[in-house]
Each structure stands twice: as C-alpha cells, then as structure tokens.
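Asker: The structure under discussion is supplied below as structure tokens; questions concerning it will follow.
Just so you know, all these numbers are worked out from the coordinates, no wet-lab data involved. All figures in this text were calculated on a predicted structure; none of them were measured in a lab. Glycine also receives a Cβ, built like all others from the backbone with ideal geometry; neighbour counts cover every protein chain displayed.
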Amino acid sequence: MTVTHPAPPTRSPVLTLIEDPAKMHEVRRRLRGEIGLVPTMGYLHDGHLSLVRRARAENDVVITTIFVNPTQFGPGEDLDAYPRDLPRDLALLEQEGVDIVFAPAAEALYPPGYQTWVELSELPRHLEGARRPGHFRGVTTIVTKLFNLTRPTRAYFGQKDAQQALILRRLVEDLNYDLELVICPTMREASGLAMSSRNTYLTPEERRRAAVLYRALCAARDAYLAGERDARRLRRLMQDTLDAEPLAQTEYVSIADLATLEEVPAQIRGPVLASLAVRIGKARLIDNLWLGTSPEEWGKTRPGSQPVG
Ligand code: AMP
C-alpha cells in the first residue's frame, strides 16, 4: 500500500533581492501590513533561520538583510576572512518564505563622505565593547540605518549576542523607534556549542572541544539554580571548567548585572548575564546564559520598560 502524505504548505518561492538603498525605500513605500526584519551578516545557519521562522510566523512580510558591516570590525579582526555565500543564503531564505533580501554593497551604505554615527554612552563600555573598541558603534549605526530603510513592525535578534540585543533594545527606546525588538533563544549544536558563522574557523577537533564554553556556562547556571549567589564563585566555576580544556584560551568570564552590564562584585541581587569569550584555534567564540530571567520576561520587567507616572 502506498501512503500519501499531503504536500506541506508551500509559499510562492518569489524572493526579491535588493542591493540599492534607494530601491529598498521605494519597495518599502509600497509594502502593506506588518513587517518583520531579520538583520544578519549572512553565511546562514539554523540560528539565523530560527529568527527568520519566527519573523515569518509573526508578520505579513519578512525582510532579511545580509551585510557584513565593515564598521563593526576593528583593525586586525576577521572582516576579510568572514565567510560569505550569497547564493546559498538566498536559496535558504527562499525556502523559508522570506519576501525580501536586502544585501547592499559596503559602498552603498557608506559612500565617500559618510560621517554619521549612532553610539550609546554606557552599555558598550563593558564585555564585548571593552575588548572590541568601536564594535558597537558600528552595530548601532548599521542597525539604525536598516531600521530607517525597512521601517519594521518587529525586528529579530539573537540572545547569542546578548550585549548587542540589550544595546539595541536600549536604542529602540532611546530613539523612540515604533517597533518591537524580539530577542530569540540561542540555537545550539547537539554538543551545546552555540551555532555561529565563525564556527567555520574551527577544525573538527576544535569544534568538539569548543563545547567547553557551554559546559562552563552550565556549571554557573547549575550552581545558581542550587542557590549560589556569590558572583565570584560563579566566575571561578566557569574559569575552572575552561581551564580543564587545553585548547581554550579565556578572554573573559563574566557575571554582570543585566540592566547595566557592570560586573557583579559579590552578592547577586537581581537578574544577571553569565557570559564568556574564549579563543580556540583561529576562532574567537562568545556565549551566554541569562540567570534569574529570560529574554521574554526581561522585556516585560526590566527597569525603564514601564511608562513613568
Ligand atoms: P550575525 O549574522 O552573526 O550578525 O547574526 C545575525 C543574527 O542572528 C543576530 O541577531 C544574532 O544574534 C543571531 N544569531 C547568531 N547565532 C545565533 C544562534 N546560534 N541562535 C540564535 N540566533 C543567533
């Protein structure tokens, strides 16, 4: 007997690729309904696609951007080596039912004479911002430009880049953007390693060893769940776990206040971000877990999220 399954619902695979910012404005003016924006640097993996799927489920129109933003890379960082494969990305996005892909050239967004920057004063001082000077200025500038070009109803970002997501949430509030910023959970490989385009820098052996990042975070989380509230002990647990892996060179381990991103000196009294940055081989990897809250809960309860008065 032959069993036939109903065909899965298919969307018309019509994806519009836009490279010119003026064209993006023109197309956007004609769009109706709710618009979901998923900004990426391309070389897509299942982490990116989880954002795209959520955007697809929640909006009438989905715009994905693919842009390796030069202004968020410092001198000596991996701008030139950053993996790129636009045809593959477009095929994946078409399968996901994305309507529009905006993939401009660097010169189209930063033409000669460009001189306008968007910069937060406090949140970028810590963690990634402290180690990558100018990184978040590049991020907040490009995301502002993408918001202006696409005027989304909702914009989707990964918890994987927690400081980025918190900075952008602040930016949306501070600059009065009329949009909802959605922070989506980190997609992981079976080993626990957070998916990342930069994982392609790892050899298969290094990739296996890189699961130590998640193990270190879980050690802190488990201790926290068992009642440990001394931030120094949680940092020590993460560091000890990383030290047991000879290929891992720790850049930092952190237990930071989620509202300010300042290191918690001793007792934990509110929600914290457990995060770390580790070099393995040629890759610099970051990961994090949120303790005492989740992105959804945090969006509702963090200080400053309620209208005053
Ligand atoms: P990127 O291309 O690395 O700039 O990432 C584009 C978006 O995908 C950012 O909002 C990232 O936080 C998010 N993202 C990256 N990796 C993951 C992951 N493993 N799970 C969920 N989201 C991710």
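Asker: Of the listed peptides 125-133, 272-280, what is their order by residue-averaged count of other C-beta atoms within 10 Å, with the highest listed first? The partial results should precede the final answer.
Answerer: On the way: 125-133: 17.4, 272-280: 23.0.
Ranked from most to least packed, the peptides come out as 272-280, 125-133.
Asker: Among 181-187, 168-174, how do they line up from the highest to the lowest mean number of other beta-carbon atoms within 10 Å?
Answerer: Highest mean packing first, the order is 181-187, 168-174.
Asker: What's the local net charge at residue 157, with K and R +1, D and E -1, over the other residues with C-beta under 13 Å away?
Answerer: On the way: positive: 54, 154, 160, 169, 170; negative: 161, 180.
Here the count lands on +3.
Asker: If you don't mind, another one. Determine the gain in length on full extension of the stretch residue 247-residue 203; use 0.36 nm per residue of separation and subtract their C-alpha separation, reporting nm with one decimal. Show your work: numbers first, answer last.
Answerer: Working: separation 44, 0.36 × 44 = 15.84 nm, distance 1.17 nm.
Using 0.36 nm per residue and subtracting the Cα-Cα distance, I get 14.7 nm.
Asker: Sticking with this one: If I model the chain as equal point scatterers sitting on the Cα atoms and use the Debye formula, what is log10 I(q)/I(0) at q = 0.11, 0.13, 0.16 Å⁻¹?
Answerer: -0.72, -0.99, -1.43
Asker: May I ask you to compute the full-extension gain from residue 131 to residue 22, defined as 0.36 nm times their residue separation minus their alpha-carbon distance, rounded to one decimal in nm? Mind showing how you got there, number by number?
Answerer: Details: separation 109, 0.36 × 109 = 39.24 nm, distance 3.52 nm.
In short, 35.7 nm is gained.
Asker: If packing is taken as the mean number of other Cβ atoms within 10 Å per residue, what is the order of 239-248, 150-159, highest first?
Answerer: Details: 239-248: 15.4, 150-159: 22.7.
Top of the packing list down: 150-159, 239-248.
Asker: Tell me the mean residue ellipticity at 222 nm calculated for the chain from its helices only (DSSP H runs of n ≥ 4, each -39500 (n - 2.57), averaged over every residue, nearest 500).
Answerer: -10500 deg cm²/dmol
Asker: So if I take the centroid of the Cα atoms in region 22-66 and the same for region 74-97, what is the distance between those two points in Å?
Answerer: Centre-to-centre distance over Cα atoms comes out at 15 Å.
Asker: Suppose each label sits 7 Å from its Cα in the direction of the beta carbon; what would the residue 60-residue 88 distance come out to in nanometres?
Answerer: About 3.5 nm, to one decimal.
Asker: Taking loop as defined by DSSP and a crowding limit of 15 other beta carbons within 10 Å, which GluC sites (Glu not before Pro) in region 13-73 fit? Spell out each step's value before the answer.
Answerer: Working: sites: 19, 26, 34, 58; in loops: 19, 34.
Listed in order of number, the matching sites are 19, 34.
Asker: Distance in nm between label sites at residue 79 and residue 230, each 7 Å beyond Cα in the beta-carbon direction?
Answerer: 4.5 nm
Asker: Tell me, what is the FRET efficiency for residue 122 and residue 95 to the nearest 0.05, using R0 = 30 angstrom and their Cβ-Cβ distance as r? Please list the in-between numbers first.
Answerer: Details: r = 41 Å, r/R0 = 1.36.
E(calc), rounded to 0.05, equals 0.15.
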